[in-house]
Structure formats: structure tokens, C-alpha cells
Amino acid sequence: MAAKPSIAIVGSGRLGTALAHALIGAGYRLSAILAGTSNTSRQNAQTLARLAKTNAFSRTKPGLDADVIWLCVPDQQIKDAAEQFASTTGWKNKVVFHSSGALTSDVLHALRRRGAAVASVHPVMTFVRGSAPLFNGIPFGIEGDTAAVRVARRIIADLGGESFAVRKQDKALYHVWGMFTSPLLLSLVAIAEQVGCAAGVPAKDVRKKMMPIMMQTLANYAKLGPADSFSGPLVRGDVATVRKHLNALNKFPDAKKIYVALAQAAMKRLPVQNRTAIEKILRSFSG
């Protein structure tokens, strides 16, 4: 395969769009952008195709004349797309990626059976409307056939990313890891906003006022690790303050449950003082 293989992207959503821009910037030729059935998907595909100076196709009439086909579609569509494409072209010497964090490369079995080398190539990053993260420095978890993994590592290096291996049997836990680092982290932050507003911080200001401590906490974590970044009443063993917190949270049962669960997790993993007394308080409020 050439040093920079031609690539067809299937899917013109947030990931597919970000990936297309990054690949073009890294000097890759996009041979096609394949859209879904919605008007938005077709419009996005046409916009990307103009940028890449290539063609946009419908997935019902795909143009797959590329060395690498990269599926950037929702998890529940990957197997169907692979089965749909299996009879559309010859697959020997082609490479196919999907970007699901939870699914293994086996979901592409229909194309592997036809001769393609397949892999799951998942960026450990969040892609949302209104934000376009760069791929430089982004880690990619990779699992799949040796030939496909080799090509994936080369492309990721050209994007400025970092690749690492994920074992097939670990894909579910690997994806849970990602859940904790972004979606569930935001769930915690949303609860923190609610508590801040209840404490009298104006709703229009609460997010801004949370950012300095949150950013410093993450900076400390990156530099020092979790134990040396841990602060507050638990690390001091301040039993009276923990009791006050939990009493105040009686009006917010969801927030209280999360507080107790996270404090109990801290007891096992972080330097908490006065453990016996704090464990007793947490148990008394966990009912």
C-alpha cells in the first residue's frame, strides 16, 4: 500500500467531518465521502466533498474506489453497512476501519470474509456540535488484523495522534473508561451546577465560576496524579464538615447519592484521614 493510501469516509457527521479535515490537512487524498439518507447528511457530505475535491455518494450507491474505507457511522449501523458493502466491490488488499469504542473488529466480518483487512480505530476524544478538536496528540485505541493495524498506526502518526493497542476482550471496559472521562464527568458537573445554583450562585454565572477550580484540579491531576491532587474535607478527615454537607444535601437526593458514592470510592483509592468516622457517616446517609 502507498505511503499515503487513498481513503473513503463513510458518514458525514461530527467524527467524519473532523476526520476529513484532519486527513486533508495531513496530505491524504479522499476518494469519496459517503452520506447517510438524511438531507443533513447529504448536505454535509457534499460540503466535505467540495473541500476535498472529490465526490459525494449515497450509501445506497457507494463509490468505494479507495485503499482504506473508514466507517464513521453510529455503532448500530456498522454491521449493516459492512454487509451492505460486501458485494459492491472487490475487497482483497483493501483496509476497512470502524471507529466504535465499544465494538470489536469482528463486526466487520462480512468484509474480512471477502478479503479485507479490518480494524477498530477509535479516537479517545469527544466530538460535539460547535467544537472541532484537533487530532494532534489524541490517543487512538486500535484492535484488529495485523495489516489493518499497521496502516492505522501510519495514518494516526501522520495526523499527529498516538496509537495504542486494545485487546478484543477489553473493548467494553475500554469504552467504560472513556465514559468516565467525558459523558459521566459531565453528569457530575451538571449535578455540581445544580448544587451551586441552590447555594445562591446565579445560574448565568455558575459555569464560569466553576471553571478555575475544575481546570486547576485537572492540571494538578495531569502533573501530580490523583493522590497528590486530592484536597478538601476528606483528605483532612474533617468529619463535621462531611456531616454538614450530607445534611444540606437531604433536599437533593440525587446529589447526595453521588456525593456518598464518590466519597466511598475515595476511601478505597485516595488518602482519606479519619476513615472509620467518615465511613460511619457515609453509611448513615446512604440509606
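Kindly check whether there is at least one residue in region 96-110 that is assigned by TED's automatic domain parsing to the domain that holds A66 and free of Cβ contacts under 8 Å to residues at least 12 places away in the same chain.
There is no residue in region 96-110 that is assigned by TED's automatic domain parsing to the domain that holds A66 and free of Cβ contacts under 8 Å to residues at least 12 places away in the same chain.
How many of the residues making up region 177-198 are over 22 Å from P253 (Cβ atoms) and of a type in the set (G, A, S)?
Selection size over region 177-198: 2.
Kindly evaluate Q273 against the criterion of being over 27 Å from the mean Cα position of the chain (by Cα) and either assigned to a helix (DSSP H, G or I) or exposed (fewer than 14 other Cβ atoms within 10 Å of the Cβ) (or both).
Yes; evaluated as a whole, the condition is true for this residue.
Would you confirm whether or not region 18-30 contains a residue that is without any contact (Cβ under 8 Å) to a residue 40 or more places away in the chain, closer than 21 Å to I142 by Cα and buried (at least 16 other Cβ atoms within 10 Å of the Cβ)?
Checked against the condition, which is being without any contact (Cβ under 8 Å) to a residue 40 or more places away in the chain, closer than 21 Å to I142 by Cα and buried (at least 16 other Cβ atoms within 10 Å of the Cβ), region 18-30 yields at least one hit.
Output the number of residues of region 218-241 satisfying the condition of being in a helix (DSSP H, G or I) and more than 26 Å from I281 (Cα to Cα).
Number of matching residues: 7.
When you go through G161, G178 one by one, which is the residue that is closer than 25 Å to A26 by Cα and either touching a residue at least 12 places away in the same chain (Cβ under 8 Å) or touching a Pro at 6+ places or on another chain (Cβ under 7 Å) (or both)?
G161
Looking only at residues in region 9-48 that are in a loop (DSSP other than H, G, I, E, B) and in contact with a strand residue (DSSP E or B) (Cβ under 6 Å, 6 or more places away or on another chain), which one is farthest from D75 (Cα to Cα)?
The residue in question is Y28.
The values are calculated or read from the model by the stated rules, or taken from the named source; none is laboratory data. Model, not experiment: these values are computed from the prediction. A quick note on method: Cβ atoms are made from the backbone with ideal geometry, for glycine too, and the neighbour counts reach across all protein chains shown.
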